[in-house]
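Heads up, the thing below is written out as structure tokens.
None of the figures in this text is laboratory data; all of them are computed from the coordinates on show. It should be emphasised that the depicted structure is a prediction, and the values quoted were computed from it without experimental measurement. No Cβ is skipped: glycine too gets one built from the backbone with ideal geometry, and neighbour counts run over all protein chains shown.
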Amino acid sequence: MQKNSLIVNTILEIHSEFDVVFIQELSWSSIHAISSSKSKDGKELVGVPNHLNWLIFTNSSSNIHNYSRVITYVNIRLSSFHFSLRKDVLNHRDILLISFFINNNIFFLINIYSDSSQSALKYLKDTKVKISNILIMTGDFNIRDSFWDLLYLYHSTHSDLLLDITDSLSLRLSYYTNSTRYSDSN
């Protein structure tokens, strides 16, 4: 989304046929100032794009340097499935684990942003949670590797970490057309 709230707002407004939208690296921005007893100018209220037809799931923080870099929008027409953010199972600023119910069965969705030090993936590896019924784990893993990018000639140990995690969660790697942008230094 290139940290562009206008793109997100457009998707939420015109693509109501989507059930779930996973976004990484969304820009948190000022919404307005709210009254404060400590400052006559008020305190800045910071948030993400919101829309009446979408449920928002993200990890909130009062620290501007610790905002979540992942957000998941669930179409409100699916609200009968009782979606819930599961910080009790995985509690990391850049990992969203969301559960929902269908016919008394619980299912999970995972949205991940892994920074250049792979902190989210390391957290998943170190946490060693056992979660079944994961329908999808998606995200921006920031890993360039010849395993999935045939134009790239090198192997990354970070891809081994990702594959270990997907194996431990009984997931398979899905191949798609790569739309990731890389800097010239990669």
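Key figures for this structure:
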| item | result |
| --- | --- |
| Fewest-first ranking of Ser99, Ser132, Ser5, using other Cβ atoms within 10 Å as the exposure measure | Ser132, Ser5, Ser99 |
| Positive minus negative residues near Leu121 (Lys, Arg vs Asp, Glu; Cβ under 15 Å) | -2 |
| Inter-label distance for Lys122 and Ser84, nm, one decimal - labels placed 7 Å from Cα along Cα-to-Cβ | 3.2 nm |
| Dimensions (Å) - region 83-137, Cα atoms, principal axes, largest first | 40, 18, 17 |
| Normalised per residue, the volume of the convex hull around the Cα set of region 121-175 (Å³) | 78 Å³ |
